[in-house]
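Encoded as structure tokens, the structure appears first; notes follow it.
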Amino acid sequence: MVVTTKSEAQTLSWGRRLGRLLKGWDVVCLHGELGSGKTTLTRGLARGAGSRSRVASPTFSLARVYRGPRWIIYHLDLYRVAANQTRDIGLEEFVSDPRGICIVEWPQAGTAYYPKDRLEVHLSHVAGGRKLRFAAKGPRSREILRHMHRAALLRGQGKEMPDGVST
Ligand SMILES: Nc1ncnc2c1ncn2[C@@H]1O[C@H](COP(=O)(O)OP(=O)(O)O)[C@@H](O)[C@H]1O
Ligand SMILES: [Mg+2]
């Protein structure tokens, strides 16, 4: 599923929509160059998942934690992290917390720890805004995208992925 957002507000909205569908054990990996909107999307995600905390880039702290009434949101940024350092951050505990939702910017270094069934979001700059491509890696993440897709169709903004990524 691919969407194009034309403003920061639209990127936030898509984050909120997705965030409402998330629950404990879900992992969302955010790929994309600097400024593509990963932290902005996370702000919406955290809000949608019930957090009222201020979301800031964890680039220097590596991990930030936002508590909602139901879920604990772990927001990670592994930009400066090497694969052999992920143990020190506590990634293993984050992804195994049954109440935890993990959102990871620059997820590469932590690949060994993520569940196979996770949501991958690829963000990129396009003329007039940002492109968000959502890809599911298993039944749970497909279910999330199906719900999001259905909601988008109901609003008349849905766009089918041309290259067949399941929604
Ligand atoms: N669709 C959009 N059009 C224009 N600007 C956007 C859009 N979505 C987000 N932005 C802006 O782009 C910037 C993205 O920054 P950020 O979310 O920190 O990116 P990243 O975490 O990927 O480095 C923010 O200034 C945000 O306001
Ligand atoms: Mg960021």
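Determine, at each q value in 0.14, 0.18 (inverse angstroms), the log₁₀ of I(q)/I(0) that the Debye formula gives when each Cα of the range 39-93 is one equal point scatterer.
Treating every Cα as an identical point scatterer, log10 I(q)/I(0) equals -0.38, -0.60.
Check ILE72: other-chain or 5+ apart residues with amide H under 5 Å from its amide H, H built from backbone geometry?
Distant-sequence amide H within range of ILE72: GLY100, ILE101.
Pop out the ³J(HN,Hα) list for the range 102-108 in order, Karplus 6.51 cos²θ - 1.76 cosθ + 1.60 with θ = phi - 60°, rounded to Hz; leave Gly and Pro as x.
9, 10, 10, 8, 6, x, 3
Using the Kirkwood radius over C-alpha pairs as Rh, can you work out the diffusion coefficient of the chain via Stokes-Einstein at 10 °C, viscosity 1.306 mPa s, in µm² per second?
101
Describe numerically, in nm with one decimal, the distance between label points set 7 Å from Cα along Cα→Cβ at ARG140 and at ARG20.
Each label point lies 7 Å from its Cα, and together they span 2.2 nm.
Could you tell me how many degrees, from 0 to 90 and to the nearest 10, lie between the Cα long axis of helix 38-48 and the main elongation axis, the longest principal axis, of the Cα atoms of the chain?
Between the helix axis and the principal axis of the chain, the angle is about 80 degrees.
Select from PRO115, CYS102, HIS147 the residue farthest towards the positive end of the dipole of the chain; place +1 on Cβ of Lys and Arg, -1 on Cβ of Asp and Glu, and compute about the Cα centre.
HIS147
Where does helix 139-154 land angle-wise versus the long Cα axis of the chain, in degrees 0 to 90, nearest 10?
In the chain, helix 139-154 runs at an angle near 40 degrees to the longest axis.
For the chain, what does the helix formula give at 222 nm: sum of -39500 (n - 2.57) over DSSP H segments with n ≥ 4, over the residue count, nearest 500 deg cm²/dmol?
After summing the helix terms and dividing by residue count, I get -9000 deg cm²/dmol.
Would you calculate the separation in nanometres between label points at SER61 and HIS147, each defined as 7 Å from the Cα along the Cα-to-beta-carbon direction?
Calculated label separation equals 2.7 nm.
Quick one: how many lysine pairs does the chain have with C-alpha atoms less than 18 Å apart and a gap of 8 or more or different chains? Give me the count, please.
8
On C-alpha positions alone, give me the angle between the axis of helix 8-21 and the longest principal axis of the chain, in degrees, nearest 10.
The angle comes out at about 70 degrees.
Coordinate-derived values only; no laboratory data. It should be emphasised that the depicted structure is a prediction, and the values quoted were computed from it without experimental measurement. Note: ideal-geometry Cβ built from the backbone for every residue, glycine included; neighbour counts use all protein chains shown.
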